[in-house]
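See structure below.
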Amino acid sequence: MLIDCDHCALQGTSACEDCVVTFLIGSTPVDLTDNQTEAVDNLAAEGLVPRLRLVPVERAG
């Protein structure tokens, strides 16, 4: 799963402040494997990190 904050509809909103990406690594794009995605989901389900708030959008470019 490619997570790129520059392609998120919520970038710059209060949701961004409560996203696992911002919490763990900032706004640097990251490519997670299926296992890593599952691990982040499990951590979020237990309340240890915020959930992924990514809402992908296509931007003209």
Scanning the range 24-36 for residues that are modelled with pLDDT of 90 or more and assigned to a helix (DSSP H, G or I) gives 34, 35, 36
Of the listed residues (40, 49, 21), the one being surrounded by 11 or more Cβ atoms within 10 Å (Cβ to Cβ), touching a Phe, Trp or Tyr at 6+ places or on another chain (Cβ under 7 Å) and either of a type in the set (Val, Ile, Thr) or in a helix (DSSP H, G or I) (or both) is 49
Checked pairs for the range 28-46, first free of Cβ contacts under 8 Å to residues at least 40 places away in the same chain and over 14 Å from residue 5 (Cα atoms), second of a type outside the set (A, V, I, L, M, F, W, C) and surrounded by 11 or more Cβ atoms within 10 Å (Cβ to Cβ), C-beta under 6 Å and 6 or more apart or across chains, list as 44/51
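The values are calculated or read from the model by the stated rules, or taken from the named source; none is laboratory data. Values in this document were obtained by computation on a predicted structure and should not be read as measured data. A quick note on method: Cβ atoms are made from the backbone with ideal geometry, for glycine too, and the neighbour counts reach across all protein chains shown.
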